[in-house]
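Data block below; observations after.
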Amino acid sequence: MPNLFYLSRSTDGWQNLATDEWLLDNLAPDEMILYCYINRNAVIIGKNQNPWRECNLGAMEADEVQLVRRITGGGAVYHDTGNLNFSFIAGEDLYDVEKQMNTILQTIRMLGIPCEFSGRNDLLAEGRKFSGNAFCKRGKICQHHGTLLINSDMSRLQHYLQVDPRKLQAKGVESVRSRVCNLTEFRRDLTIPMVVGTLKQAFRKTYGDYTEWVPTPADEAAMAPYREKHSSWEWRVGQTPAFDLELDRRFDWGGVQILLTSREGCVEKAEVFSDAMDPELPALVQGLLTGCRVDSQQMAQALDRCENQQIQEIAAWIRQERL
């Protein structure tokens with residue numbers, strides 16, 4: 001099957017994230033698509049985040065900024081028409097994070113901007129982040145989606161996102177503001193159409209010829225329930241999970257958040273979110289922790305049974321938590 005490319009004509013965040021999820025659920029295992037979209041003013045929160053804690057909801061409502069919840073973990077980000085979003089969706093045999101990251105890096109380098117992969121899941125220009133990435137897997141289909149800050153209004157980003165005071169104390173206001181950058185800081189004439197055109201070239205160079213995908217009326221009808229979900233209060237706000245204990249840590253390879261619901265001293269339910277590149281990691285950790293006593297040593301021992309190096313690092317961290 002040919003590779004596919006799709007640039008959404010919509011700037012509706014609910015529609016674009018609904019399309020992203022629909023493609024994940026409906027792509028064939030022998031297909032791959034690079035899906036790009038632009039959201040007008042929207043705050044995108046991670047699957048497990050509390051919007052009251054992460055967002056300035058009053059300012060967002062006054063300025064008609066959408067609240068959008070994505071299906072992957074990670075933190076809250078602001079999207080406007082200076083931000084291009086991409087999503088690689090593919091069957092597991094075609095899915096290759098390194099190849100996908102290199103396609104994005106190649107695009108930016110072809111535009112004359114030196115850049116690098118951070119070794120975790122961010123893309124950097126002169127040490128500053130212009131792209132964050134998140135990952136998901138359903139059945140035999142994998143997803144890697146991310147952002148490209150091209151000419152986003154950074155002042156609005158600060159206005160709509162509530163920054164944890166502990167982060168401000170630890171990093172200082174200036175470091176919070178300066179750790180991200182727009183690509184127009186390195187090339188002033190850069191536009192989103194220029195980036196899209198160059199991305200297509202890099203995609204073809206890496207993967208060969210592709211077909212421009214156009215949703216049929218039947219596809220659009222099938223997507224409608226997905227948009228209803230993404231625009232609903234139940235998904236955007238009511239989805240905020242209830243849990244008894246939260247553990248949160250950032251490693252060199254990505255962040256991990258563990259939400260534990262306990263019953264009679266044991267883990268009845270574990271929800272794990274990570275922006276690590278391994279889409280299998282959350283499910284593995286969830287399976288190992290479910291049924292354990294809520295005890296640092298026993299939870300760490302359960303995780304240590306897995307030979308995965310990242311899970312063993314999680315085990316070492318939990319062992320130090322002294323639950």
Item to complete: Assuming R0 = 41 Å, can you tell me the calculated FRET efficiency for the pair Gln301 and Val97, based on Cβ-Cβ distance, to the nearest 0.05?
Response: 0.85
Item to complete: Obtain the nm distance between the two label points defined at Glu234 and Arg249 by a simple spin-label model: each point lies 7 Å from its Cα along the Cα-to-C-beta direction.
Response: 3.6
Discussion item. Quick query: amide H of Phe251 versus all other amide H atoms, modeled in the peptide plane; which residues come in under 5 Å with a sequence gap of 5 or more or a different chain?
Written reply: Val256
Worksheet item: Near Val195, within a Cβ-to-Cβ distance under 13 Å, what is the net charge of the other residues, with Lys and Arg +1 and Asp and Glu -1?
Response: +2
Item to complete: For segment 1-74, build the charge dipole from Cβ charges (+1 Lys, Arg; -1 Asp, Glu) around the Cα centre, then report which of Ile44, Leu7, Trp22 sits farthest towards its positive end.
Response: Ile44
Worksheet entry | Accessible area of the chain divided out per residue, in Å², using a probe of 1.4 angstrom | 47
Worksheet entry | Rounded to whole Hz, the Karplus (6.51, -1.76, 1.60) HN-Hα couplings of segment 87-98, x for glycine and proline | 8, 8, 10, 7, x, 4, 6, 9, 6, 8, 4, 4
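Provide the packing ranking of 44-51, 192-199, i.e. peptides ordered by the mean count of other C-beta atoms within 10 Å per residue, highest first.
44-51, 192-199
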Worksheet item: How many lysine pairs are close in the chain, with Cα atoms under 15 Å apart and the two 8 or more places apart or on different chains?
Response: 4
Worksheet item: To the nearest 20 debye, what is the magnitude of the charge dipole of the chain about its Cα centre, counting +1 on the Cβ of each Lys and Arg and -1 on the Cβ of each Asp and Glu?
Response: 680
Worksheet item: Given 0.36 nm per residue, what is the gain on full extension from Met194 to Thr211 after removing their alpha carbon distance, in nm?
Response: 4.2 nm
Discussion item. Need the full-extension length gain, Lys140 to Ala59, defined as separation in residues times 0.36 nm minus the C-alpha distance. One decimal, nm.
Written reply: 25.1 nm
Fill in: Contour minus Cα-Cα distance for Asp30 and Arg187 (0.36 nm per residue)
52.8 nm
Item to complete: In vacuum, with every alpha carbon of segment 1-56 counted as one equal point scatterer, what does the Debye formula give for log10 I(q)/I(0) at q = 0.20, 0.22, 0.25, 0.26 Å⁻¹? Two decimals, please.
Response: -0.83, -0.92, -1.04, -1.08
Worksheet, complete the sentence: Amide H contacts under 5 Å for Asn3, restricted to residues at least 5 apart in sequence or on another chain and with H modeled in the peptide plane, are Thr211
Fill in: Computed helical MRE - 222 nm, the chain, DSSP H runs ≥ 4 contributing -39500 (n - 2.57), nearest 500
-11000 deg cm²/dmol
Response to the item:
Karplus-derived 3J(HN,Hα) from phi for segment 184-191 (6.51 cos²θ - 1.76 cosθ + 1.60, θ = phi - 60°), whole Hz, x at Gly and Pro, runs 5, 5, 9, 8, 5, 8, 5, 10
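Looking at segment 240-323, which GluC sites (Glu not before Pro) are DSSP coil and have at most 11 other C-beta atoms within 10 Å of their C-beta?
Sparse-neighbourhood loop GluC sites (Glu not before Pro): Glu264, Glu307.
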Worksheet item: Which percent of the accessible area of segment 182-253 is formed by carbon and sulfur heavy atoms (probe 1.4 angstrom)?
Response: 51
Discussion item. Whole-Hz ³J(HN,Hα) for each residue in segment 40-52, computed from phi via Karplus 6.51 cos²θ - 1.76 cosθ + 1.60 with θ = phi - 60°, x for glycine and proline: what do you get?
Written reply: 6, 2, 7, 9, 9, 10, x, 4, 9, 7, 8, x, 5
Practice prompt. Using only the Cα atoms of the chain, each taken as one equal point scatterer with no solvent, compute I(q) by the Debye sum, divide by I(0), and report log10 of the ratio at q = 0.09, 0.10, 0.13, 0.15 Å⁻¹.
Written response: -0.48, -0.60, -1.03, -1.36
Worksheet item: Which cross-chain or sequence-distant (5 or more) residues have an amide H under 5 Å from the amide H of Lys269, H modelled 1.01 Å from N in plane?
Response: Thr261
Worksheet item: If you average 1/r over every pair of different alpha-carbon atoms in segment 175-323 and take one over that average, what Kirkwood value in Å do you get?
Response: 19.6
Practice prompt. Treat each spin label as a single point 7 Å out from the Cα along the C-beta direction, and report the Ala222 to Ser118 distance in nm.
Written response: 3.6
Item to complete: Taking every pair of Cα atoms in segment 1-158, average 1/r, invert it to obtain the Kirkwood radius, and report Rg/Rh to two decimals.
Response: 0.96
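The values are calculated or read from the model by the stated rules, or taken from the named source; none is laboratory data. What you are looking at is a predicted structure, and each value in this text was computed from that prediction instead of being measured. Every residue, glycine among them, receives a Cβ derived from its backbone with ideal geometry; neighbour counts consider all protein chains shown. When the accessible area is computed, the model is the full protein with side chains, heavy atoms only, and any ligands, DNA or RNA have been set aside. Shrake-Rupley method; radii C 1.70, N 1.55, O 1.52, S 1.80 Å.
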